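Have a look at the structure below before the remarks.
The values are calculated or read from the model by the stated rules, or taken from the named source; none is laboratory data. These numbers were taken from a predicted model, which means no experiment stands behind them. A quick note on method: Cβ atoms are made from the backbone with ideal geometry, for glycine too, and the neighbour counts reach across all protein chains shown.
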Amino acid sequence: MTGKTSRTGKKFQAYLGVAVVVLLLVITLLQGCGPKTVEQSGSGYPLTIVDDLGRQVTISKEPARIISLAPANTEILFALGLGDKVVGVTEFCDYPPEARNKPKIGGFSTPNAELIVAAQPDLVLAAGIHQEFIKQLEDANLTVVAVDPQNLTEVLKKIQLIGRITGAVQEANNLVGDMQRRINKIRAEVQDLPDEQKPTVFFELWPDPLTTGGAKSFLHSLIVTAGGKNIAGSVEKDWVTYNPEVLLAQNPEVIIFTHHGSSKQTVEQVKAREGWEQVAAIKNDRVYSVADQNLIVRPGPRVVDGLEIIAKFIHPEIFE
């Protein structure tokens, strides 16, 4: 009986061993099924992500040749230490200074498909404005990812996304960590302010026609994060053409403007506008100018610089 029991035990152990091996094989096969997502694979390749146009894009390998179709994307790439991999930028990509020496592939809204294809990029970073143009690049079998953040939180997420698809994961985490720390510092100072201590703000992007940012604009998130109330925040649009009469009726307590394109107006010129003399911001000498508009309109690493400037304008009693 003892010998028979021993032989039976050995057979059971053998069957058990085979079952374990089969189970491990099944688990391995199941893990290998389907495309890898950014969340699953870290910086491994190939990986598949969904970009800001809702497109599913697979990056087959770590990109060695990258083209940027937007100044903000160019700034992100250089901030992540990927400048040597950038083989093409737009005519408006002027920061950092090294970006100006990169081959040009056209304008921000008018990129040249032939120049892009000729550069043989592994990755093209586009923006929301390029939705129709992307189809041409896809027809040429190019890998294109559209990045179009609409607020501060999304900027941080997109920097991390770019870091992961380019293999610069740690660099992206370091950059985002520093940006988040600075954002949190501002939020901590203003988050408990009562509503009456948050001044109404008009941010002028363009004087004629009078243009500002609505609730869906990136600018709106900067004003709110800095402890202000955007007077155009009830308009569910990105950019809003404003009627001067409406602005006067809303009587903003703070006016901020930026130099954009050929607009070189001064604070004194804004204060001297006909009919604006009774506006609270002008009466209380609270009109401010942002010298570098790119700190405000480009959703890239330097946007925190713009946020800190706006916070000082809105709450000088806190941030000065």
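This table checks each residue for (1) over 20 Å from the mean Cα position of the chain (by Cα); (2) over 28 Å from Tyr45 (Cα atoms).
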{"residue": "Pro96", "(1), (2)": "no, yes"}
{"residue": "Arg100", "(1), (2)": "yes, yes"}
{"residue": "Gly106", "(1), (2)": "yes, yes"}
{"residue": "Leu123", "(1), (2)": "no, no"}
{"residue": "His130", "(1), (2)": "no, no"}
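Looking at region 287-305, which of its residues are touching a strand residue (DSSP E or B) at 6+ places or on another chain (Cβ under 7 Å) and either under 24 Å from Pro149 (Cα atoms) or touching a residue at least 60 places away in the same chain (Cβ under 8 Å) (or both)?
The answer is Val290, Gln293, Ile296.
Being surrounded by 19 or more Cβ atoms within 10 Å (Cβ to Cβ) and over 11 Å from the mean Cα position of the chain (by Cα) is a property that Pro111 has.
Any idea which of Gly177, Gly233, Gly228 is small (Gly, Ala, Ser) and touching a Gly at 6+ places or on another chain (Cβ under 9 Å)? Talk me through it step by step, then tell me what you get.
On the way: Gly177 fails: touching a Gly at 6+ places or on another chain (Cβ under 9 Å); Gly228 fails: touching a Gly at 6+ places or on another chain (Cβ under 9 Å).
One residue alone meets the criteria, Gly233.
Taking strands (runs of 3 or more DSSP E) as the structural unit, those lying wholly within region 169-242 and holding at least 3 residues that are under 18 Å from Thr258 (Cα atoms), in the same structural domain as Gln265 (by TED's automatic domain parsing) and in contact (Cβ under 8 Å) with a residue 40 or more places away in the chain correspond to 200-204.
Yes or no: region 296-308 includes at least one residue that is assigned to a loop (DSSP other than H, G, I, E, B), within 25 Å of Glu189 (Cα to Cα) and of a type in the set (Gly, Ala, Ser). Explain how you work it out, then say what you get.
If we filter region 296-308 for residues that are assigned to a loop (DSSP other than H, G, I, E, B), which is where we start, we get 298-302.
The next check asks that each one be within 25 Å of Glu189 (Cα to Cα); those that pass are 298-302.
From the residues that got through so far, the ones that are of a type in the set (Gly, Ala, Ser) too are 300.
Yes.
In the condition set (1) under 14 Å from Val201 (Cβ atoms); (2) surrounded by 13 or more Cβ atoms within 10 Å (Cβ to Cβ); (3) touching a residue at least 12 places away in the same chain (Cβ under 8 Å), Lys312 is compliant with all but (3).
Against the definition (over 20 Å from Asp292 (Cβ atoms) and under 18 Å from the mean Cα position of the chain (by Cα)), how does Ala215 come out, yes or no? Lay out the reasoning, then the answer.
Working: over 20 Å from Asp292 (Cβ atoms): yes; under 18 Å from the mean Cα position of the chain (by Cα): yes.
Answer is yes for this residue.
Within region 154-168, the set of residues being under 26 Å from Ile223 (Cβ atoms) and touching a residue at least 40 places away in the same chain (Cβ under 8 Å) comprises Glu154, Val155, Lys158, Ile159, Leu161, Ile162.
From the set of residues in region 296-309 that are modelled with pLDDT under 95 and of a type in the set (A, V, I, L, M, F, W, C), which is farthest from Thr200 (Cα to Cα)? Once the filter is applied, the top-ranked residue is Val297.
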